[in-house]
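K.L.:
Below: one structure in structure tokens.
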Amino acid sequence: TPLTSIKGFAEAMSPETPGVDAIRRNVDRMLSLVHDLMDLAHLEEGRGLRQDRFLPQALVDAAIQQLKHRFPDAPSRVVSSSEGGFTGDAKLLEQVVVNLLENALLYSGGNGPVEVVWREVDGLQTLR
């Protein structure tokens with residue numbers, strides 16, 4: 001695809017090249033959007049969501065890593081009382097966590113403490 005070609009050229013460029021980091025980030029973001037659109041099309045066709053087994057801590061850690069380039073000094077703390085893992089669409093849940101963390105960091109000025117609390121309540125997983 002055109003995005004794959006752009007990504008390949010950007011990766012071949014020297015890291016010191018002005019703007020190459022922005023190109024790489026934006027290509028990754030565009031690829032993510034394309035994948036999201038494909039997921040939405042699958043859902044509209046009646047295909048089910050993926051069922052991945054994962055740990056809440058690992059999912060939140062991955063979301064935090066995605067935001068490190070925008071908020072490198074943002075303090076965050078993860079509290080998880082969920083024992084073991086659970087099943088769900090890890091990719092979509094990670095995107096939900098990224099969106100929640102990004103909003104929390106934006107509206108705290110980017111330097112306020114952000115706490116992610118993942119608990120099981122009445123048999124349901126809750127995220128706050």
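K.L.:
Full-extension gain between Arg70 and Asn103, please, as 0.36 nm times their residue separation minus the C-alpha to C-alpha distance.
P.N.:
Stretched out fully, the Arg70 to Asn103 stretch lengthens by 10.7 nm.
K.L.:
Two decimals is fine: what's Rg over Rh for the chain, C-alpha atoms, Kirkwood radius as Rh? Write down the numbers at each step before the final one.
P.N.:
Working: Rg = 17.1 Å, Rh = 16.7 Å.
My calculation puts Rg/Rh at 1.02.
K.L.:
To the nearest 500 deg cm²/dmol, what mean residue ellipticity at 222 nm is calculated for the chain from DSSP H runs of n ≥ 4 alone, each contributing -39,500 (n - 2.57), summed and divided by the residues?
P.N.:
Values: 4 runs with 66 residues, N = 128.
Taking each H run of at least 4 residues, the total per residue is -17000 deg cm²/dmol.
K.L.:
Just how much of Ile23 is accessible, in Å², when a 1.4 Å probe is used and the result is rounded to the nearest 10?
P.N.:
In the full protein context, Ile23 sits at about 70 Å².
K.L.:
Hey, another quick one. Would you kindly state how much longer the chain becomes between Gln125 and Asp21 on full extension, computed as 0.36 nm times their sequence separation minus their alpha carbon distance, in nm to one decimal?
P.N.:
Numbers: separation 104, 0.36 × 104 = 37.44 nm, distance 3.62 nm.
Answer, rounded to one decimal: 33.8 nm.
K.L.:
If you don't mind, another one. Carbon-plus-sulfur fraction of the accessible area of the chain, 1.4 Å probe, in percent? Could you put the intermediate results ahead of the total?
P.N.:
On the way: 4950 of 8610 Å².
Percent of accessible area from carbon and sulfur atoms in the chain: 57.
The values are calculated or read from the model by the stated rules, or taken from the named source; none is laboratory data. These numbers come from a predicted model, not from an experiment. In case anyone asks, the SASA skips ligands and DNA or RNA and just uses the protein heavy atoms, side chains included. Shrake-Rupley method; radii C 1.70, N 1.55, O 1.52, S 1.80 Å.
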